[in-house]
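Peer 1: This is the structure I have questions about; it appears just below.
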C-alpha cells in the first residue's frame, strides 16, 4: 500500500468484515423465538471430524417455539442429541428415533440478562478488532511518512480520517448490538 487512500480502503474493507462477523456471532445468541442460527456454534463428531450441525442434518422451524433436527444419517441421532444437551444453549432435546425436537422455552429474566452480558462481551471483542485495524492502518501511514512518501500534513490528515472511519464503524456495531439487545429483552 503506497497511498493513504489505499490504506483507508483496506481498513474500510476489514471493518466491514468485522461488522459481518459480529452479525454472524449475534445470530448464534438466542432470543425469545426459535431460529436455526442458534445452532450455528454446534459441532457434531462425524466420523472423527467436528462438523457443523447444518452439514449433517436438515434444520427446520415448524413453529415459533420449536426447532427440528433431522439427521441425514440416523446413526447420528444420539450424538446430536448429546451434543445439544451438553452445549450452553439451555435447550433440552427430545429424540423420537427419527427426528430431534428442540422446544425453545421462554427466556427467564435472569437468562435474558446473561445473554445481554454475553452479547456485550462479543460486541466489545469486535470493538477491539476495529481499534486494532485503526492501529495497523495508522502504523502504515506513519511508515509512509517516515519513508518520505507522504507529507506530514497527509500523515496527520490520514490518521484523522482513520479515527473518523473507526468512529463510524463502532457506531454501526453499537447500533446492531442495541437492536439485538432489544430483541433479547423483548418479552412476548
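The values are calculated or read from the model by the stated rules, or taken from the named source; none is laboratory data. All figures in this text were calculated on a predicted structure; none of them were measured in a lab. Note: ideal-geometry Cβ built from the backbone for every residue, glycine included; neighbour counts use all protein chains shown.
Peer 1: Right, residue 51: surrounded by 15 or more Cβ atoms within 10 Å (Cβ to Cβ), farther than 19 Å from residue 96 by Cβ and touching a strand residue (DSSP E or B) at 6+ places or on another chain (Cβ under 6 Å) or not?
Peer 2: Yes: the conditions hold for residue 51.
Okay, residues lined up against (1) modelled with pLDDT under 90; (2) farther than 30 Å from residue 114 by Cα; (3) touching a strand residue (DSSP E or B) at 6+ places or on another chain (Cβ under 7 Å); (4) surrounded by fewer than 15 Cβ atoms within 10 Å (Cβ to Cβ):
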position	(1), (2), (3), (4)
149	yes, yes, no, yes
152	yes, yes, no, yes
156	no, yes, no, yes
187	yes, no, no, yes
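Peer 1: Regarding residue 20, is this residue at pLDDT below 90 and within 21 Å of residue 174 (Cα to Cα)?
Peer 2: no
Peer 1: When you look at residue 98, is it under 30 Å from residue 73 (Cβ atoms) and not in a helix (DSSP H, G or I), yes or no?
Peer 2: Working: under 30 Å from residue 73 (Cβ atoms): yes; not in a helix (DSSP H, G or I): yes.
So residue 98 fits the description; yes.
Peer 1: Of all residues in segment 74-94 being touching a residue at least 24 places away in the same chain (Cβ under 8 Å) and closer than 20 Å to residue 47 by Cβ, which is surrounded by the fewest Cβ atoms within 10 Å (Cβ to Cβ)?
Peer 2: 74
Peer 1: In the list 122, 69, which residue meets the criterion of being outside any helix (DSSP H, G or I), surrounded by 14 or more Cβ atoms within 10 Å (Cβ to Cβ) and modelled with pLDDT of 90 or more?
Peer 2: 69
Peer 1: A further question on this structure: Kindly list the number of the only condition in (1) in contact with a helix residue (DSSP H, G or I) (Cβ under 8 Å, 6 or more places away or on another chain); (2) without any contact (Cβ under 8 Å) to a residue 24 or more places away in the chain; (3) surrounded by fewer than 15 Cβ atoms within 10 Å (Cβ to Cβ); (4) not in a loop (DSSP other than H, G, I, E, B) that fails for residue 37.
Peer 2: Going through the list (1) in contact with a helix residue (DSSP H, G or I) (Cβ under 8 Å, 6 or more places away or on another chain); (2) without any contact (Cβ under 8 Å) to a residue 24 or more places away in the chain; (3) surrounded by fewer than 15 Cβ atoms within 10 Å (Cβ to Cβ); (4) not in a loop (DSSP other than H, G, I, E, B), residue 37 breaks only (3).
Peer 1: Something else: Based on this model, can you work out whether residue 112 counts as touching a residue at least 12 places away in the same chain (Cβ under 8 Å), surrounded by 12 or more Cβ atoms within 10 Å (Cβ to Cβ) and part of a strand (DSSP E or B)? It would help to see each step written out before you state the result.
Peer 2: On the way: touching a residue at least 12 places away in the same chain (Cβ under 8 Å): yes; surrounded by 12 or more Cβ atoms within 10 Å (Cβ to Cβ): yes; part of a strand (DSSP E or B): no.
Judged against the criteria, residue 112 is not a match.
Peer 1: What about residue 137, is it more than 19 Å from residue 20 (Cα to Cα) and without any contact (Cβ under 8 Å) to a residue 12 or more places away in the chain?
Peer 2: Criteria not met by residue 137.
Peer 1: Something else now. I'd like to know if segment 154-167 contains one or more residues that are within 30 Å of residue 40 (Cα to Cα) and in a helix (DSSP H, G or I).
Peer 2: Yes.
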